[in-house]
Every structure is written in structure tokens, then in C-alpha cells.
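Data block below; observations after.
The values are calculated or read from the model by the stated rules, or taken from the named source; none is laboratory data. Nothing here was measured: the structure is a model prediction, and the numbers come from that model. Positions of Cβ are generated from backbone atoms using ideal geometry, with glycine treated the same way; all protein chains shown enter the neighbour counts.
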Amino acid sequence: MSGPHANPATDTLLRIDNLSAGYGAFQVLFDVSLEVKAGESVAVIGPNGAGKTTLLRAISKLIEPTAGQLHMAGQRYDGRPAHEVISLGIAQVPEGRRLFPRLTVEDNLRMGAFLPAARAHFAQRLEMVYALFPRMKERRAQLAGTMSGGEQQMCAIGRALMSGPRLLLLDEPSAGLAPVVVQSIFEVVRKMSAEGYTVLIVEQNIQQVLKVVDRGYLLETGRIHASGASADLLANDSVRRAYLGV
């Protein structure tokens, strides 16, 4: 199975220029610029409270940026309402998963395909998600709320993929999971990347995430402080001292 957009990483899919955002009078992000090319997996790393979740919320238009521009596939969209963002091809897996606990796994996945364009491809996408997450196929009739945290995270990622997104946003997918489960979640990210999905992932688990993505941006106190290939960031002295304890 190959990913839906397995083109080489040449075209810029998401571009953010000088983005500022916050909550009321409280500014969280200051002049943030980054880009994600089609077929790339990119991490935004940094400490708790750096503004990583706020960045994803601004990209999804769940909060309105106070300055800057958002572009998706060359189309500027910062002036558009939040409900139109999914039709641009952006799907977000929120922190905390937010599944419908009393619905089955398959019904949760069905909720991800609510757009008319996605409904037409429901059966095909369901098979694709089950190929990526064989455990979801085994559990398809189980109530989502009765699964383990790691399985719920896989279901939440699967639900986002059901809309056929061009860009998948993952907000702290390893949060609150046992270390052994964290490994399997990052393995999923690596697998999606290998199959041509375009992924932007926000994560505190810096060492793990940089092993599975192509590039990263270091966000501290609302500003980008470093960026580069994953291997370069892992080798960066200030990153190693501050976050890897070496």
C-alpha cells in the first residue's frame, strides 16, 4: 500500500510566514515561520509551554492568528473559517485523542469520513487504515472507550486519515502513554512517513521523535530557535544539553 500523496518532497505543502498568535491579550507565538514539503515528516519540538499546541491550533484555525500568513498548497487561508480547513486537506489528531468512547472503533473511523468527498472513498480508506493498524481491524466492533491508551491513539490517527488528508497534524501523540506503547506510536509515524503521508508532529519526546522524522524545528518561548535535519538537531550541542541530558 502506498500513501495517497507519495510524491517526492519537492513541493511546499504548508507554509507559515511570521505567524503570531495567543489567547486574548496573552501572546504565545512570535513571528513563527516554517514549511512542510509534500511527503515530508516534520517535528516541532520543545519544552512544555513553548507554544507547540498553540501553533497547531493556529494552523487548524481553532484560534485566529494575530499576524502572519498561512498557506496550504500555495493557497492562502488565514482569512478562512475553521470549518473550511479540513476541506483544504488538513486533519488534526488532538492531544488527548477525543474519541467517541461509546461508539465502536469502526463507527469512530466512520466519523472521520463525514465530508461528502470522503464518504465516497469510505470502504477504500477503511481498508487502508486497517492495513496500517491491523489491531484496529481486530477491534473494529469494540467500544473505543474500552481500549488501551495506545490503541485509542491509533484509532484517533486512523480517524483523521479517513478524511484523506494531504497534511496530518499530530499533537503530542505520546502524551500519557507507557514507554513500551510510545515506541509503537512512533513506529506508526515512521511507517506513515515511509508510505508518503505528509506529517507535522508536535512532541516533547525529542529523542524518540527525531529518530522517525525528516526534519525538525525547535520552538522555545514562542519562537523558532533552531531548525534542520533530524540528525543535525540530535547532534546539536544546545539541544543535547537542554533536552537530552547529555
Residue under question is Gly216, and the condition is that it be out of contact with any Ser or Thr (no Cβ under 7 Å at 6 or more places or on another chain) and either aliphatic (A, V, I, L, M) or outside any helix (DSSP H, G or I) (or both); does it hold? no
From the list Gln153, Gln142, exactly one residue is surrounded by fewer than 21 Cβ atoms within 10 Å (Cβ to Cβ) and either out of contact with any strand residue (DSSP E or B) (no Cβ under 7 Å at 6 or more places or on another chain) or modelled with pLDDT of 90 or more (or both). Which is it? Gln142
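Name the one entry in Gly96, Gly79, Gly39 that is free of Cβ contacts under 8 Å to residues at least 12 places away in the same chain and either among the polar types (S, T, N, Q) or in a loop (DSSP other than H, G, I, E, B) (or both). Please lay out each step first, then the result.
Values: Gly96 fails: free of Cβ contacts under 8 Å to residues at least 12 places away in the same chain; Gly39 fails: free of Cβ contacts under 8 Å to residues at least 12 places away in the same chain.
Checking each option against the conditions leaves just Gly79.
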Can you tell me which of Val28, Val44 is over 19 Å from the mean Cα position of the chain (by Cα) and buried (at least 20 other Cβ atoms within 10 Å of the Cβ)? Val28
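Here is a check on your reading of the model: is Ala231 touching a residue at least 40 places away in the same chain (Cβ under 8 Å), surrounded by fewer than 21 Cβ atoms within 10 Å (Cβ to Cβ), aliphatic (A, V, I, L, M) and part of a helix (DSSP H, G or I)?
Working: touching a residue at least 40 places away in the same chain (Cβ under 8 Å): no; surrounded by fewer than 21 Cβ atoms within 10 Å (Cβ to Cβ): yes; aliphatic (A, V, I, L, M): yes; part of a helix (DSSP H, G or I): yes.
So Ala231 does not fit the description; no.
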Filter the range 99-136 for residues that are in contact with a helix residue (DSSP H, G or I) (Cβ under 9 Å, 6 or more places away or on another chain) and of a type in the set (S, T, N, Q); which is farthest from Cys155 (Cα to Cα)? Thr104
Looking at the range 1-36, which of its residues are modelled with pLDDT of 95 or more, of a type in the set (Asp, Glu) and closer than 15 Å to Leu167 by Cβ? Glu35
Of the residues Met192, Met136, Met162, Met147, which single one is free of Cβ contacts under 8 Å to residues at least 40 places away in the same chain and either at negative phi or aliphatic (A, V, I, L, M) (or both)? Met136
Can you pull out the residues in the range 51-68 that are more than 17 Å from the chain's Cα centre (by Cα), part of a loop (DSSP other than H, G, I, E, B) and not hydroxyl-bearing (Ser, Thr, Tyr)? Glu64, Pro65
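Consider Ala50 carefully, then state whether it is touching a strand residue (DSSP E or B) at 6+ places or on another chain (Cβ under 9 Å), at pLDDT below 95, within 23 Å of Thr221 (Cα to Cα) and aliphatic (A, V, I, L, M). Lay out the reasoning, then the answer.
Numbers: touching a strand residue (DSSP E or B) at 6+ places or on another chain (Cβ under 9 Å): yes; at pLDDT below 95: yes; within 23 Å of Thr221 (Cα to Cα): yes; aliphatic (A, V, I, L, M): yes.
The answer is yes for Ala50.
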If a residue must be under 27 Å from Glu35 (Cβ atoms) and of a type in the set (Lys, Arg), how many such residues does the range 139-176 contain? 2
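Go through the range 196-210 and give me each residue that's farther than 17 Å from Ser163 by Cα and assigned to a loop (DSSP other than H, G, I, E, B). Before you say what the answer is, go through the steps one by one.
Pass one, the range 196-210, residues farther than 17 Å from Ser163 by Cα: 201-210.
Within the range 196-210, Gln204, Asn205, Leu210 meet the criteria.
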Kindly indicate whether Arg135 is modelled with pLDDT of 95 or more, charged (D, E, K, R), over 20 Å from the mean Cα position of the chain (by Cα) and surrounded by 14 or more Cβ atoms within 10 Å (Cβ to Cβ). no
